[in-house]
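*Asks:* I'd like to ask you about the structure that follows.
Where a number appears in this text, it was derived from the coordinates with a stated rule and is not lab data. Given the structure is predicted, the values throughout are model-derived calculations rather than measurements. Cβ sites come from the backbone with ideal geometry, for glycine too, and all protein chains shown count toward neighbours.
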Protein chains: 2
Amino acid sequence: MRKVTFGVANSLDNFIARRDGAVDWLIWSDEAAAVMKDFWQKIDTILLGRKTYEIALAQSKGQKNPYPHIKTYVFSRTLKDAADAEIISENAAEFVRDLKQQDGKEICVMGGGDFAKTLFEAGLIDEIGFNIHPVLLGQGIPLFLEMNSQIDLELIESTQFKNGCVYVLYRVKNNP
Amino acid sequence: MRKVTFGVANSLDNFIARRDGAVDWLIWSDEAAAVMKDFWQKIDTILLGRKTYEIALAQSKGQKNPYPHIKTYVFSRTLKDAADAEIISENAAEFVRDLKQQDGKEICVMGGGDFAKTLFEAGLIDEIGFNIHPVLLGQGIPLFLEMNSQIDLELIESTQFKNGCVYVLYRVKNNP
């Protein structure tokens with residue numbers, strides 16, 4: 001079964017973007033780039049919530065798909081067109097459960113809020129990787145909404161970057 | 001001026017207790033104990049919100065004050081009696097601002113929610129120390145409420161404990 005990793009950059013108070021979607025507070029580094037380079041080689045599929053897709057698209061300087069060489073699914077009930085990304089408008093959990101059974105490399109989930117909640121509650125996330133940024137944004141788009149059950153984690157690694165980010169990677173322990 | 005450190009144990013999704021105040025998910029370790037032992041020697045004053053005080057009291061096995069040898073202030077508009085802890089019922093920020101100017105050792109703030117928000121927004125927190133536990137509680141008493149301004153942090157250290165907790169310590173960069 002294909003591994004699904006939920007990966008985001010977050011503020012210490014668990015926002016993934018400002019309220020207007022801005023991610024100007026993100027700080028890049030060679031260390032983060034090295035982690036991402038390894039990660040990109042393991043995956044062939046990206047799953048995004050609609051808000052995260054729009055944020056990524058805004059960051060991608062005119063490209064129609066923020067991840068042009070990777071199969072990209074955008075989960076949205078309202079979005080009508082997403083260039084060469086595929087829109088999944090219903091039964092997100094069922095779709096991802098099916099995708100995990102198919103042949104392929106690993107799968108990356110980006111985003112937070114409703115989309116993350118749906119996949120966590122359905123027990124579809126295998127690993128969590130956060131690049132925790134040294135900032136309290138105070139308000140913004142939340143990484144987590146309330147969930148209906150506890151998820152126990154096992155820390156795989158934590159790495160302190162020179163720029164003050166802390167990268168943490170966890171395995172989900174109690175998926176059904 | 002006395003340093004004020006905001007220190008808590010939190011879940012990865014930033015809860016400090018279950019909705020009913022339970023902290024059964026906290027995991028102790030010699031490593032956390034060593035950090036706390038150093039910390040206790042630097043402080044002589046503890047500031048608590050009411051909910052955190054009640055949680056600490058429930059954990060303290062019949063003691064009337066969960067921190068009997070340290071000057072303890074509980075911030076609450078409703079609490080009437082807190083044994084030998086002192087209740088501060090109004091103007092929390094003003095009280096803490098004054099306290100920082102007095103002679104004494106460092107000050108520890110425990111808790112989250114409204115109390116933390118008040119002190120952060122008033123620019124009274126100098127350092128933040130979190131013991132991030134490897135769990136998503138899903139719901140509970142939140143560490144952070146929305147705040148009206150961004151707070152930039154400088155990472156002082158991050159330490160991975162054997163039990164999967166990650167201890168992070170930050171300095172607040174942009175206090176007034």
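*Asks:* At A:Arg97, with labels set 7 Å past Cα in the Cβ direction, how many nm apart are the copies from this one, shortest first?
*Replies:* For A:Arg97, the inter-copy label distances come out at 5.6 nm.
*Asks:* Work out from phi, with θ = phi - 60° and the Karplus expression 6.51 cos²θ - 1.76 cosθ + 1.60, the ³J(HN,Hα) of each residue of the stretch B:2-8, listed in order in whole Hz, and give x for Gly and Pro.
*Replies:* 6, 6, 10, 10, 8, x, 8
*Asks:* How many nanometers, to one decimal and shortest first, lie between the label point of B:Ser149 and those of its other copies, if labels sit 7 Å from Cα toward Cβ?
*Replies:* With the label placed 7 Å along Cα→Cβ, B:Ser149 yields 4.4 nm.
*Asks:* Among chain B residues, which Cβ is nearest the axis of the B-onto-A rotation, and at how many Å?
*Replies:* Output: B:Asn14, 3.
*Asks:* Additional query: Ordered by residue, what ³J(HN,Hα) values in Hz, to whole numbers, does the stretch B:40-47 give under the Karplus form 6.51 cos²θ - 1.76 cosθ + 1.60, where θ = phi - 60° and Gly and Pro are x?
*Replies:* 4, 6, 8, 10, 9, 9, 10, 10
*Asks:* Relative contact order for chain B: what is it in percent, counting Cα pairs under 8 Å that are at least 6 residues apart? Provide the component values of the computation, followed by the final result.
*Replies:* Working: 336 pairs, mean separation 58.9, N = 176.
Contact order relative to length: 33 percent.
*Asks:* Return the long-range amide H neighbours of A:Ala17 (sequence gap of 5 or more, or a different chain), with a cut-off of under 5 Å between placed amide H atoms.
*Replies:* A:Ile141
*Asks:* Quick one: which residues, 5+ away or cross-chain, put their amide H under 5 Å from the amide H of A:Ile87? H built at 1.01 Å from N.
*Replies:* Residues meeting the criterion, in which the H sits 1.01 Å from N, are A:Val74.
*Asks:* In debye, nearest 20, what is the charge dipole magnitude of the stretch A:1-114 about its Cα centre with +1 on Lys and Arg Cβ and -1 on Asp and Glu Cβ, if you could check?
*Replies:* On the way: 16 positive and 17 negative charges, 22 e Å.
Using only the charged Cβ atoms, the result is roughly 100 debye.
*Asks:* Where in the stretch A:28-59 does the label zone of A:Lys80 land, with the point 7 angstrom along Cα→C-beta and an amide N cut-off under 19 Å?
*Replies:* A:50-51, A:54
*Asks:* Tell me, A:Asp152, B:Asp38, B:Asp126 in order of fewest to most beta-carbon neighbours within 10 Å?
*Replies:* Numbers: A:Asp152 16, B:Asp38 9, B:Asp126 19.
Fewest-to-most ranking of A:Asp152, B:Asp38, B:Asp126: B:Asp38, A:Asp152, B:Asp126.
*Asks:* Can I ask one more? Suppose we keep just the DSSP beta bridges with both residues in the protein assembly as shown; what percent of those would be antiparallel, to 5?
*Replies:* If I count the DSSP bridges inside the protein assembly as shown, around 45 percent turn out antiparallel.
*Asks:* Could you pull out every one of the lysines with an alpha carbon less than 26 Å from that of A:Lys80, ignoring same-chain neighbours closer than 8 positions?
*Replies:* A:Lys51, A:Lys61, A:Lys64, A:Lys71, A:Lys100, A:Lys117
*Asks:* Can you run phi through the Karplus equation (6.51, -1.76, 1.60; θ = phi - 60°) for the stretch B:72-81 and list ³J(HN,Hα) in whole Hz, with x for Gly and Pro?
*Replies:* 10, 10, 10, 9, 7, 8, 10, 5, 9, 9
*Asks:* Measuring from a point 7 Å out along Cα→Cβ, what nm distances, shortest first, does B:Asp81 have to its partners in the other copies?
*Replies:* In nanometres, ordered from closest: 7.1.
*Asks:* Using Cβ counts within 10 Å as a stand-in for footprinting exposure, how do A:Leu26, B:Leu47 rank, fewest first? Each step should come with its number before you reach the end.
*Replies:* Working: A:Leu26 17, B:Leu47 26.
So the residues, fewest neighbours to most, are A:Leu26, B:Leu47.
*Asks:* In nanometres, what is the gap between the two model label sites at A:Lys162 and B:Gln41, each 7 Å from Cα along Cα-to-Cβ?
*Replies:* 3.3 nm
*Asks:* For a quick check: with amide H placed at 1.01 Å from N, whose amide H comes under 5 Å from A:Ile156's, ignoring anything fewer than 5 positions away on the same chain?
*Replies:* For A:Ile156, whose amide H was placed from the backbone, the distant partners under 5 Å are A:Leu169, A:Tyr170, A:Arg171.
*Asks:* Oh, and also: Would you mind working out the magnitude of the charge dipole of the protein assembly as shown relative to its Cα centre, with +1 at each Lys and Arg C-beta and -1 at each Asp and Glu C-beta, to the nearest 20 Debye? Let's see the in-between values first.
*Replies:* Working: 40 positive and 48 negative charges, 18 e Å.
That gives the protein assembly as shown a dipole magnitude of about 80 debye.
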